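Bear in mind that the values in this text are calculations on the coordinates, not laboratory data. The shown structure was predicted, so the numbers you read here are calculated from the model rather than taken from an experiment. Cβ atoms come from the backbone with ideal geometry, glycine included; neighbour counts cover every protein chain shown.
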Amino acid sequence: MQKKKTVTIKNVAQILLQRGLIDATQLQEVVVSGEAQAQRLAGAQQAGYSRRLTQIPEKASPAEVIASLNLEVPGSGGKLLTEDAITEVLAAAVGLPYLKINPLKLDLELVTAHISRPFALKHLIVPVDFSAGVVTLAVADPFNDEVIEELKSVKRMEFRRVLASRNDILKILREFFGFRASVQAAESEVGSAVDLGNLEQFVRLKVGHEIEGTDRNIVSAVEFLLQYAFDQRASDIHIEPKREKSLVRLRVDGVLHNVHAVPKQLHPPMVSRIKMLSRMDLAEKRRPQDGRIKTSHQGKEIELRVSTLPVAFGEKVVIRIFDPDVLMQELDQIGFYPREYQLYSSFIRRPNGIILVTGPTGSGKTTTLYSSLRTLSSPEVNIVTVEDPIEMVMEEFNQVGVQSGIGVTFDKVLRNILRQDPDIIMIGEIRDRETAENAVQAALTGHLVLSTLHTNDAPSSITRLLDLGVQPFLISSTVIGIIAQRLLRKICPACKRDRALSADELEYLGLKTAGRVSFGEGCGECRGTGYKGRTGIFEVLDVNEGVKAVISERLDLASLQQVAKRDGMVLLRELAVKKMLQGITTYEEVIAVTG
């Protein structure tokens, strides 16, 4: 009988040496310490899993072991050798395609329908595609021929293999099979009452290996969903009732992705669970409601803002995820260019006046305001915010939430805030004449006021204030500066490529010539989108003497913009083009965001 081929730490290390990813000294380090490191990894991993997952092979893969040694790739400037990079090299060596698994592109039904959970865990395989009668399996062991033959015999189907990292496969098996098991169990008992339990203000969500079938199933399904969203860096979760199912979508880097389809009868109990976590009225299904959940993920607190809305087929739920690392950043890290950063920094250091941040929903205004308040926060300063609703609870500020139902509105709160001895006031949004007049009054009485407006650019904010009934001389006396902002998706560094702009593209952007620009081809790191992360662009209008003269004379918007540009204001389109020419974003993103 022919001996089965195996992948060992030593032969993987030799392949890496041949490809130039390690040197001879590192090869010796791997050979000497590899087995001991494998034992340490196995012990640590088994301690992290519950007894229900004992089917997982105890031994870590050679790629995991070598990656855990944190070896630097020779000549890469400090770049570490990762499990994915090792797996990709191994795939090429054994003649299998390599796959970086993108969870957002997988079908829950496909992953869980063809192979049982125990079998998948035992052999570390996961279905990732089905087309033309052939199931594509992501495998961790490139030489598992017997398993494939067994599947062909039992299932009477054709299977092909692609190689993926062990950690990617384990993550999919935990999340997808866990969510599927919870949904199926909940579906079978949907007619019975579901005990949703008592809740604290702070909700501790379980991590993946703690959520098991023995938990209450609706509870488990919701927790799997939240953990999955956190892992995917999602900013929003949409749970949308349709005629025959409930659709779950995640927004990642500004783009919505379909991730799950849940049986329609499970939609109401899932919504009830989320409403209870966020302290909403469970009985009220005809009116929109707002709530919030505070939890933690990987050692840091995360706030979730929950909104429900009655639609044609039930209650739609949107959960916005507020990560403190995103919401509270250093001002010089969110995308400002030097001129705009210096101007804005000078605005927020003024003792009094109004600073306006403008842009559409989702343009990053909240991040700019919270980051500004964090910069200004100190024991000597009293910061009071008025928000609808409070985006994220921060103990450094005194935050007031608007509650229109009981008469706590922006204008009423602002009238009382001045008795609270504030130094800095942040108003969530100036929506009406009363709020605008109160903001002006606060600025005139020696306070620094930060707020937002929904306008397309910075100069338009002046005409918006005039439309709200604020007198020109009051605008000139109180408004310090205005910024308009947008968020641009950044090109994924892992699949970044260059190309030349066509003559039509140059003409559309108003450029005579340009060097090569960049784009993302799409890879596992960016889930095939070509983008990873976002950065801001900021059009900053300094309300100086020239701008004040235009306001006082009630000249049109074009005159105001002309004066501002003469004084050095850079338009949003120009800023976006600059990011494109620096290789930060793409031509397509510039057009999509700046019109």
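Run down the lysines and flag those whose C-alpha is under 19 Å from the C-alpha of LYS59, throwing out any fewer than 8 positions away in its chain. Cross-link targets: LYS4, LYS5, LYS10, LYS122, LYS171. For THR25, project a label point 7 Å along Cα to C-beta. Then give me every residue of region 64-98 with its amide nitrogen under 20 Å of that point. Output list for this probe position: 66-82.
Between THR594, TYR98, SER296, the Cα set farthest toward the positive side of the dipole of the chain (charges on each charged residue's Cβ, about the Cα centre) is that of TYR98.
Given +1 at the Cβ of Lys and Arg, -1 at the Cβ of Asp and Glu and no other charges, the dipole of region 492-549 around its Cα centre is 320 debye to the nearest 20.
By the count of other C-beta atoms within 10 Å, a proxy for reagent exposure, ILE239, ILE86 are ordered fewest to most as ILE239, ILE86.
Taking the number of other C-beta atoms within 10 Å as the exposure measure, put LEU369, LEU343, LEU555 in order starting with the fewest.
LEU555, LEU343, LEU369
Averaging the sequence gap over all C-alpha pairs within less than 8 Å and six or more residues apart, then dividing by the number of residues, gives the chain a relative contact order of 9 percent. Note on the chain: helix-only mean residue ellipticity at 222 nm, from DSSP H runs of 4+ residues weighted -39500 (n - 2.57) and normalised by residue number, equals -11500 deg cm²/dmol. In the chain, the longest principal axis of the Cα atoms and the axis of helix 433-444 are about 80 degrees apart. Beta bridges per DSSP, both residues in the chain: antiparallel share near 65 percent. Think of each Lys and Arg Cβ as +1 and each Asp and Glu Cβ as -1; about the Cα centre, that makes the dipole of the chain roughly 1160 debye.
Under 18 Å of direct C-alpha separation, and excluding same-chain neighbours fewer than eight residues apart, LYS512 reaches these lysines: LYS578, LYS579. Modelled this way, with points 7 Å down the Cα-to-C-beta line, the labels at ARG233 and VAL255 are 1.3 nm from one another.
Using the Kirkwood formula over every pair of different C-alpha atoms, what hydrodynamic radius in Å results for region 511-595?
Over region 511-595, the inverse of the mean reciprocal pair distance is 15.2 Å.
Projecting the Cα atoms of PRO493, MET394, MET426 onto the charge dipole of region 388-497 (Cβ charges, centred on the Cα centre) puts PRO493 farthest toward the positive pole.
How are the alpha carbon pair distances in region 105-153 distributed across 10 Å bins from zero to the largest one, expressed in percent? Values per bin, smallest distances first: 24, 62, 14. Length gained on full extension, PHE473 to VAL154, computed as 0.36 nm times the residue gap minus the Cα-Cα distance: 106.6 nm.
Counting every other Cβ atom within 10 Å of each residue's Cβ, ASP236, ASP504 order from fewest to most as ASP504, ASP236.
Other residues with beta-carbon under 13 Å from the beta-carbon of SER451 carry, at +1 per Lys or Arg and -1 per Asp or Glu, a net charge of -3. So what's the angle, to the nearest 10 degrees on a 0 to 90 scale, between helix 24-48 and the longest Cα principal axis of the chain? With both axes taken from Cα atoms, the answer is about 80 degrees. Note on LYS548: lysines with a C-alpha under 18 Å away, same-chain residues under 8 apart excluded, are LYS565. Annotation for LYS59 and ARG40: the two label points, set 7 Å from Cα along the Cα-Cβ direction, are 1.9 nm apart. Helix 338-348 against the longest principal axis of the chain: what's the angle in degrees, Cα atoms only, rounded to the nearest 10? Approximately 60 degrees, to the nearest 10.
So which of LYS242/LYS365; LYS242/LYS285; LYS155/LYS264 end up more than 26 Å apart by C-alpha?
LYS242/LYS365; LYS155/LYS264
In region 362-443, the convex hull through the Cα atoms has an average projected area of 5.7 nm², a quarter of its surface area.
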